[in-house]
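One structure is given below, encoded as C-alpha cells.
The values are calculated or read from the model by the stated rules, or taken from the named source; none is laboratory data. The structure displayed is predicted, hence computed values, not measured ones. Glycine also receives a Cβ, built like all others from the backbone with ideal geometry; neighbour counts cover every protein chain displayed. Heavy atoms of the whole protein, side chains included, go into the accessibility calculation; ligands, DNA and RNA do not. Shrake-Rupley method; radii C 1.70, N 1.55, O 1.52, S 1.80 Å.
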Amino acid sequence: MDKRPSIIRLMFDRIAPTYDLLNTILSFSLDKTWRRAAINLLEIRAGDAVLDIATGTGDMAISAAHGGGNVIGIDLSREMLLRALGKAEEQGLRARYSVVQGDALSMPFHDETFTSATVAFGIRNMNNLEAFLAEIHRVLSMGGRFSVLEFSLPESLLFRSVYAVYLTYVVPIIGGLISGDYDAYRYLSDSVTGFPVPGELEDMMKGQGFRIVRSMSIFGGISHLYLIEKQQ
C-alpha cells in the first residue's frame, strides 16, 4: 500500500463529500459511540490544549471542544478540514477549534505543547508508525495522554472470517457506489488487514516512551481503543 502523504491527501480530498455518510453506514453508526469513548478516556478539563491528529471532518475535535478543550486539528486533506470548520461554526465552537493542514510525522508545534492528543481511524494511514509515535511524544507534555481508536481484526476465527468477507467485498462495493471511489475503500480494507495487531502496536508505543494505561477490544475486536501516557 502506498501511504505517501501526497497519495493519502488526494484520496481523502476525493472522498470528503461522502465521508461522514459512509462512516455511519459502514459502521452501523457505532463509530460515534466509539469516538465518544475515546474522548471520555482523556478526561479533558476546561482549557486543556488538545491535539486531534487526522482530524478529518472534525468529529473527535468537536467532541473535545464541547468538553472544554482548546483543540487544534491537523490533517493532510484540505477538503476534510473545510468540512470540519463548517461543523465547528454551526455548533458555535470556532473559538475553541482551529486547524492546520500538515503531516502528522512532522508537525509545526513546539515541544510539550499539548496536554492531550487523540486520533481516530487515522494511525493506520501513517507510513512510519515509530516516527509518528515519536512525534506525538515530542508535542505532549510530561504525563500527557494520547487516545488511539483504530480498526482491528476480531479474535474469534469465525467472526474474523465473516468480517474479512465484509471488509474485502462489502466495504469496497458500498463505499465505491456512494463515493464513486472504489480504490479508496479498497485501500481502507487493505489498511485494516495489514495493520499491526494490538500487542505489536503496544510494544511500539512502549518503545517510544509511553505507558499503556488502557487497551481494550471493542465490539468483538472490530475496533481497538488504546489510552497511553507519556512517561519519559
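Miscellaneous remarks
- Comparing Asp13, Asp203, Asp48 in a Gaussian network model of the chain where C-alpha atoms under 10 Å apart are linked, the largest mean-square fluctuation is found at Asp203.
- At an R0 of 30 angstrom, the distance between the Cβ atoms of Arg45 and Glu200 translates into a FRET efficiency of 0.40.
- Surface accessible to a 1.4 Å probe, per residue, for the residues of region 21-170, Å²: 43
- Nonlocal amide H pairs with Gly144, under 5 Å, H built at 1.01 Å: Lys230
- Cα gyration tensor shape for region 1-100, rounded if a/c is under 1.5, else prolate or oblate: prolate
- Per-selection Kirkwood Rh - region 70-200 (Cα, Å, 1 d.p.): 16.9
- Length-normalised contact order for region 75-232 - Cα pairs under 8 Å, 6+ apart - percent: 23
- Across the chain, the convex hull enclosing all Cα atoms gives 106 Å³ per residue.
- Candidate lysines for bridging to Lys206, where Cα separation is under 21 Å - those fewer than 8 sequence places away on the same chain excluded: Lys230
- Solvent accessible area, Å² - Leu51, 1.4 Å probe, full protein context: 0
- His66, His137, ranked by accessible area, largest first (probe 1.4 Å): His66, His137
- In the complete set of protein chains, residue-level accessible area for Glu89 is approximately 120 Å², probe 1.4 angstrom.
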